[in-house]
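Encoded as structure tokens, the structure appears first; notes follow it.
The values are calculated or read from the model by the stated rules, or taken from the named source; none is laboratory data. All values reported here derive from a predicted model rather than from experimental measurement. A quick note on method: Cβ atoms are made from the backbone with ideal geometry, for glycine too, and the neighbour counts reach across all protein chains shown.
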Amino acid sequence: MNDKIGVYLGGAGTIAIAGHTRPDGDCTGACLALYNYIRKNYPQIQADIYLEPVADVYKVMENADQIISDYKDDKTYDVFFALDASDKGRLAGAVRYFDTAKKTVCIDHHISNEGFAMENIIFPHASSTCEVLAKLMDMDGVDQAVAEALYIGIICDTGCFKQSNTGKETMVIAGTLMEKGVRFSQLTDEVFYQKTYTQNQLLGRCLLESFLMFSGQCIISVADRKVMDFYKAISSDLEGIIDQMRVTRGVEVAVLLTEIGHMTYKVSMRSNNYMNVAQIAGYFGGGGHIRAAGCTMAGTKYDVINNLTRLIEEQLKNHD
Ligand code: 5GP
Ligand code: MN
Ligand code: MN
């Protein structure tokens, strides 16, 4: 039995599992994979899973209906697992359970993660938190449900094995998961490629309104409140848009702004070859990876774009 999860459980009776705010596929996959793994292999443990509401496509994963999104219960846990969260502030409402847990464990792959839990398992070279989890789990204890959650996390964070964070190990793990009966073709279509009509409309709108800067090396678009309201869209409807912007020929960096409140923008950034977007996001209090990062910024969209493009221009110039 090569089960490292058991080491972190350390005889716990109750555990909480939580991911980051606005959960993506890796975060949701990691939380549900760990939850299902513990339910299968440690049925005596009482496990709760906390995440903000997840996009409908992730509900194909087993026990997605067990997710608790209101953070109201006044519970304390023996062990708290923070997954795919690069800092404590990313845990959203679950931070109250982090603060009162007897032991906290962080499992992550963000380069910007400085280790905010009591025990930290951070592999910055892994494609995804799901890849890290797969290494910690005993494959004999991984059933189809666990394997599918892990596989979904991996495809979401690697853009279906095409982004530069994909390594040999990613492929080896994906192959092992396939042997567990993962419906990879169907899940890739349903979770990654399929879009709702609204999502396609938004994609079109964001591409139409995008603009280029710095001789076409930077592409920027803004999904402001009125656009989001017009399409009755939620933030997860924007997933994938930044990736389409990034593949514009000649572009090194893509920036998508989403208005999430009055004079407040969520910033998503992606780069292609050399720009360190984690550094730029980090400067504004966010984080992420070298080629994919984000932050939240205050001001008008013009303020936000001005502040971001100053740092973008610096990196473009230094590279020339
Ligand atoms: P996305 O653009 O898809 O929201 O995020 C890209 C990457 O940056 C993800 O790995 C995500 O965890 C990270 N990220 C996005 N927004 C923030 C933020 O506000 N703070 C931190 N620390 N990381 C972020
Ligand atoms: Mn994530
Ligand atoms: Mn991730």
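For the condition assigned to a loop (DSSP other than H, G, I, E, B), under 23 Å from Leu187 (Cβ atoms) and away from ligand 1 (no atom under 14 Å from the Cβ), what is the one hit in Pro23, Pro53, Pro43? Full working, then the answer.
Numbers: Pro23 fails: away from ligand 1 (no atom under 14 Å from the Cβ); Pro43 fails: under 23 Å from Leu187 (Cβ atoms).
Checking each option against the conditions leaves just Pro53.
Go through the residues of region 23-35 one by one and say whether even a single one is more than 16 Å from ligand 3 (Cβ to nearest atom) and in contact (Cβ under 8 Å) with a residue 40 or more places away in the chain. No, region 23-35 has no match at all.
Residues in region 245-285 that are assigned to a strand (DSSP E or B), within 12 Å of Leu311 (Cβ to Cβ) and within 16 Å of ligand 2 (Cβ to nearest atom): Val267, Met269. The residues listed here are Phe80, Phe123, Phe98; of these, the one that is modelled with pLDDT of 95 or more, within 16 Å of ligand 2 (Cβ to nearest atom) and of a type in the set (Phe, Trp, Tyr) is Phe123. What's the total number of residues in region 138-159 that are away from ligand 2 (no atom under 16 Å from the Cβ) and either under 20 Å from Gly288 (Cα atoms) or surrounded by fewer than 23 Cβ atoms within 10 Å (Cβ to Cβ) (or both)? Qualifying residue count for the region: 7.
The residues on offer are Lys88, Lys59, Lys103, and the sole one that is among the basic types (Lys, Arg) and within 14 Å of Thr21 (Cβ to Cβ) is Lys88.
Which is within 23 Å of His109 (Cα to Cα), modelled with pLDDT of 95 or more and either surrounded by 15 or more Cβ atoms within 10 Å (Cβ to Cβ) or in contact with a strand residue (DSSP E or B) (Cβ under 9 Å, 6 or more places away or on another chain) (or both), of Val222, Val247, Val255, Val172? Please lay out each step first, then the result.
Details: Val222 fails: within 23 Å of His109 (Cα to Cα); Val247 fails: within 23 Å of His109 (Cα to Cα); Val172 fails: either surrounded by 15 or more Cβ atoms within 10 Å (Cβ to Cβ) or in contact with a strand residue (DSSP E or B) (Cβ under 9 Å, 6 or more places away or on another chain) (or both).
Going through Val222, Val247, Val255, Val172 in turn, just one is within 23 Å of His109 (Cα to Cα), modelled with pLDDT of 95 or more and either surrounded by 15 or more Cβ atoms within 10 Å (Cβ to Cβ) or in contact with a strand residue (DSSP E or B) (Cβ under 9 Å, 6 or more places away or on another chain) (or both): Val255.
Taking the criterion of being more than 18 Å from the chain's Cα centre (by Cα), in a loop (DSSP other than H, G, I, E, B) and of a type outside the set (D, E, K, R), the residues of region 229-244 that qualify are Tyr231, Ala233. Residues in region 51-71 that are touching a residue at least 24 places away in the same chain (Cβ under 8 Å), among the acidic types (Asp, Glu) and within 20 Å of Gly89 (Cβ to Cβ): Glu52 alone.
So which residues in region 79-102 are farther than 18 Å from Ala47 by Cβ and surrounded by 24 or more Cβ atoms within 10 Å (Cβ to Cβ)?
Looking only at region 79-102, we keep the residues that are farther than 18 Å from Ala47 by Cβ, and these are 86-90, 92, 95, 99.
Within region 79-102, just Ser86 meets the criteria.
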